[in-house]
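See structure below.
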Amino acid sequence: MAAQLRANLGDVLFAVAYNEFCAPTLEESVEVLIKKGATHITVATTMFTPGGSHSEVEIPEILDHLRPQYPGVELRYAWPFDLKLVAHTLTEQVNRFS
């Protein structure tokens, strides 16, 4: 997923981050991007549907914690996903196998 997203975004600064059990953390990835000169960071998750604690609670809390540390950087969270678009993607996937 990350490799394809990186290719789709072109020359945009890009980093991967994880919530649990893997590195780098969101905090570490934000720091790396800022050191590379990022002034606007948009965080996206691969958890597309509501109901998960990572996407609904933990990521927003981490970003709220980071904002005072980096007042010159806009930290945005691309959430929630448009469920019509998610359903469209899932429909296309099901249709591929029908």
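Things to note:
- Subset tally (residues that are touching a residue at least 40 places away in the same chain (Cβ under 8 Å) and exposed (fewer than 13 other Cβ atoms within 10 Å of the Cβ)) for segment 49-73: 0
- Segment 19-54, subset among the acidic types (Asp, Glu) and part of a helix (DSSP H, G or I), residue nearest to ALA78 (Cα to Cα): GLU27
- Selection within segment 46-76: residues that are in contact with a helix residue (DSSP H, G or I) (Cβ under 7 Å, 6 or more places away or on another chain) and at pLDDT below 95. The member of this set that is nearest to VAL16 (Cα to Cα) is MET47.
- Here LEU66 does not fit the description of being under 14 Å from the mean Cα position of the chain (by Cα), assigned to a helix (DSSP H, G or I) and of a type outside the set (Phe, Trp, Tyr).
- Among the residues of segment 17-43, those identified as under 25 Å from ASP82 (Cβ atoms) and exposed (fewer than 14 other Cβ atoms within 10 Å of the Cβ) are TYR18, HIS40, THR42.
- Scanning segment 69-98 for residues that are part of a helix (DSSP H, G or I) and among the β-branched types (Val, Ile, Thr) yields VAL86, THR89, THR91, VAL94.
The values are calculated or read from the model by the stated rules, or taken from the named source; none is laboratory data. Note that the structure is a prediction, hence the values are computed from the model and not measured. Counting neighbours? That spans all protein chains shown, and the Cβs are built from the backbone with ideal geometry, glycine included.
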